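The values are calculated or read from the model by the stated rules, or taken from the named source; none is laboratory data. Not measured: the values here are computed from a predicted model. In this analysis, Cβ positions are derived from the backbone assuming ideal geometry, glycine residues included, and neighbour counts consider all displayed protein chains. Accessible surface is based on the protein model in full, side chains and every heavy atom, while ligands, DNA and RNA are left aside. Shrake-Rupley method; radii C 1.70, N 1.55, O 1.52, S 1.80 Å.
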Amino acid sequence: CDGGDDVGCHSLGNMYLDGRGTRRDIPAAMRTFEAACERGYFDSCNAIGNVHSLGVGVPVDLTRAESLHRRAC
């Protein structure tokens, strides 16, 4: 992710989100997804939208979720 590989960044976010190979860390997952989303990797925008719509470690924010899902479209 630090090297700018958005697929790797997205995968790392999923690892943090699921706690695979590391402890579950929602803030770290969000940071890695956001980095890739900002660079135009829309799977990561969608992932952040899912986190906000489901309230996974963050308060449910359907307005934010909709905005991210629209961006991913």
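Some values worked out for this structure:
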item	result
25 °C / 0.890 mPa s Stokes-Einstein diffusion coefficient of the chain, Kirkwood radius on C-alpha pairs, µm²/s	208
Unit charges at the beta carbon, dipole of the chain: most positive-side option, Val58, Cys73, Leu12	Val58
Expected 222 nm ellipticity per residue - DSSP helices of 4 or more, -39500 (n - 2.57), all of the chain, to 500	-21500 deg cm²/dmol
For Gly40, net neighbour charge (Lys/Arg +1, Asp/Glu -1) across residues whose Cβ lies under 11 Å away	-1
Check: the chain dipole with +1 on Lys, Arg Cβ and -1 on Asp, Glu Cβ, in debye	160
Carbon + sulfur, % of accessible area of the chain - ligands and nucleic acids excluded, 1.4 Å	51
³J(HN,Hα), Karplus 6.51/-1.76/1.60, whole Hz, each residue of the range 20-36, x for Gly, Pro	8, x, 7, 6, 5, 9, 4, x, 5, 4, 4, 4, 6, 4, 5, 4, 5
The chain - Cys residues lacking any other Cys C-beta under 4.7 Å	Cys73
Packing-based ranking, highest mean first, of 60-70, 34-44 given that Cβ atoms within 10 Å are counted	34-44, 60-70
Accessible area (Å², per residue) of the chain, counting only protein heavy atoms and a probe of 1.4 Å	59
